[in-house]
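Structure first, commentary second.
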Amino acid sequence: MPGGTSKTGVWNLGLRYGWILTRPHGPSFLKGRFEYVLDATPVFLVFQPANTAYGAGFSPLGLKWDFATRGAIVPYLELNGGTLFTNHDVPFGTNTVNFTSAAALGTHILKDRYNWSIEVRYMHISNAGLATPNPGINTVQVRLGVGRFSSRK
């Protein structure tokens, strides 16, 4: 089916490391900081009608805008891209090597020691023409995270 497949879902578990690149800047409510993030996803499941594909991914390109707020709620926007390697073709009949692109809207909930995050993410999975056909998979995900911010000493 052009533009995506049906009856397909994903679930993943990963790790993220990020670096704040700028001090807060920008006009009024858009004021924020750029952050560069790397994602490693050692557990990536694709539930498709033909089978369940198990895989792992790496996203070396993550650009994030953390809005500058004074409270415990810090919203963000993100663009992300990487690769996904699976044991079965994703989607079925295509390829085991795919590329991922994503856009997310989320928020950090800051606590004393750790922070939580919740986001809505649109992710596209496609083999970028490495195989024919190339229908791709489009998903909307709700992602939860727990993390810790640290600063250079």
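The values are calculated or read from the model by the stated rules, or taken from the named source; none is laboratory data. Here the structure is a predicted model, which means the values were calculated and not measured. Please note: Cβ atoms are built from the backbone with ideal geometry, for glycine as well, and neighbour counts cover all protein chains shown.
Computed quantities for the displayed model
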| quantity | calculated |
| --- | --- |
| Cβ pairs under 8 Å, 6+ apart, first in the stretch 74-86 and of a type outside the set (Ser, Thr, Tyr), second not in a strand (DSSP E or B) | Pro75/Thr69; Leu84/Val90; Phe85/Thr96 |
| Flag for Asp89 being farther than 19 Å from Pro24 by Cβ, surrounded by 19 or more Cβ atoms within 10 Å (Cβ to Cβ) and modelled with pLDDT under 95 | yes |
| Those residues of the stretch 21-61 which are buried (at least 17 other Cβ atoms within 10 Å of the Cβ) and more than 18 Å from the chain's Cα centre (by Cα), in sequence order | Gly32, Arg33, Gln48, Ala53 |
| Residue check, Gly106 closer than 17 Å to Gly14 by Cα, surrounded by fewer than 18 Cβ atoms within 10 Å (Cβ to Cβ), free of Cβ contacts under 8 Å to residues at least 40 places away in the same chain and out of contact with any Gly (no Cβ under 7 Å at 6 or more places or on another chain) | no |
| Index of the failed condition, Arg121 passing every other in (1) closer than 25 Å to Pro27 by Cα; (2) among the basic types (Lys, Arg); (3) assigned to a strand (DSSP E or B) | (1) |
| Single residue of Asn138, Asn127, Asn115, Asn80 found to be modelled with pLDDT of 90 or more and closer than 20 Å to Val43 by Cβ | Asn80 |
| Filtered residue count, the stretch 100-125, keeping only those that are within 17 Å of Val90 (Cβ to Cβ), touching a Leu at 6+ places or on another chain (Cβ under 8 Å) and not polar (S, T, N, Q) | 2 |
| Residue ID - farthest from His88 (Cα to Cα), chosen from residues in the stretch 126-152 that are among the small types (Gly, Ala, Ser), in contact (Cβ under 8 Å) with a residue 24 or more places away in the chain and part of a loop (DSSP other than H, G, I, E, B) | Ala128 |
| Selection from the stretch 119-145 of residues that are aliphatic (A, V, I, L, M) and either surrounded by 13 or more Cβ atoms within 10 Å (Cβ to Cβ) or over 19 Å from Leu13 (Cβ atoms) (or both) | Met123, Ile125, Ala128, Leu130, Ala131, Ile137 |
| Any chance Thr83 is under 19 Å from Leu38 (Cβ atoms), touching a strand residue (DSSP E or B) at 6+ places or on another chain (Cβ under 8 Å) and surrounded by 14 or more Cβ atoms within 10 Å (Cβ to Cβ) | yes |
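Quick grid of which residues meet (1) hydrophobic (A, V, I, L, M, F, W, C); (2) out of contact with any Gly (no Cβ under 6 Å at 6 or more places or on another chain):
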{"site": "Asp112", "(1), (2)": "no, yes"}
{"site": "Trp116", "(1), (2)": "yes, yes"}
{"site": "Ser126", "(1), (2)": "no, no"}
{"site": "Asn134", "(1), (2)": "no, yes"}
{"site": "Val140", "(1), (2)": "yes, yes"}
{"site": "Leu144", "(1), (2)": "yes, yes"}
{"site": "Phe149", "(1), (2)": "yes, yes"}
